[in-house]
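Enquirer: Could you have a look at this structure, given as structure tokens, before my questions?
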Amino acid sequence: MAASLQEEAEAIGWYEQRISLERDAQAKAIMEDAQSEEFKHFAMALEFSITPETEVADGVERRPVQAGDIVEHGEEGEEDEKKS
């Protein structure tokens, strides 16, 4: 599943590069639609990877999705781990 996550992330990046260079609005819309599918596939693979049966789930549970600065929340989480 890790390889699938990497491949989906790469596909998202490739579409981003192509979209940024595309001048034709219809071609750009088609690529944006395709990229949204890659985001969906990435999210599905990520969700599978963090099911309760995986080691990744522990780390995700300690760092729930929150509003605000992602880096700041990550640093706070690391500080909390050091205190534990």
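Enquirer: With a Förster radius of 30 Å, plug the Cβ-Cβ distance of Ile12 and Lys82 into 1/(1 + (r/R0)^6) and report the FRET value to the nearest 0.05. Before the final figure, lay out the partial values.
Expert: Working: r = 33 Å, r/R0 = 1.11.
Taking R0 as 30 Å, the efficiency between Ile12 and Lys82 is 0.35.
Enquirer: Under a plain spin-label model, where a point goes 7 Å from the Cα along Cα-to-Cβ, how far apart in nm are Val71 and Ala34?
Expert: 3.3 nm
Enquirer: Please list Ile12, Ile30, Ile50, Ile70 from largest to smallest accessible area, probe radius 1.4 Å, with all protein chains kept in place. Write out the running numbers ahead of the final one.
Expert: Details: Ile12 25, Ile30 105, Ile50 55, Ile70 140 Å².
Ranked list, largest accessible area first: Ile70, Ile30, Ile50, Ile12.
Enquirer: Moving on to the next point. Can you compute the modelled spin-label distance between Glu47 and Ser20, with each label point 7 Å from Cα toward Cβ, in nm?
Expert: 2.9 nm
The values are calculated or read from the model by the stated rules, or taken from the named source; none is laboratory data. As the structure is a computational prediction, the values presented were derived from the model and not from experiment. Counting neighbours? That spans all protein chains shown, and the Cβs are built from the backbone with ideal geometry, glycine included. Surface areas here come from the heavy atoms of the whole protein model, side chains and all, with no ligands, DNA or RNA. Shrake-Rupley method; radii C 1.70, N 1.55, O 1.52, S 1.80 Å.
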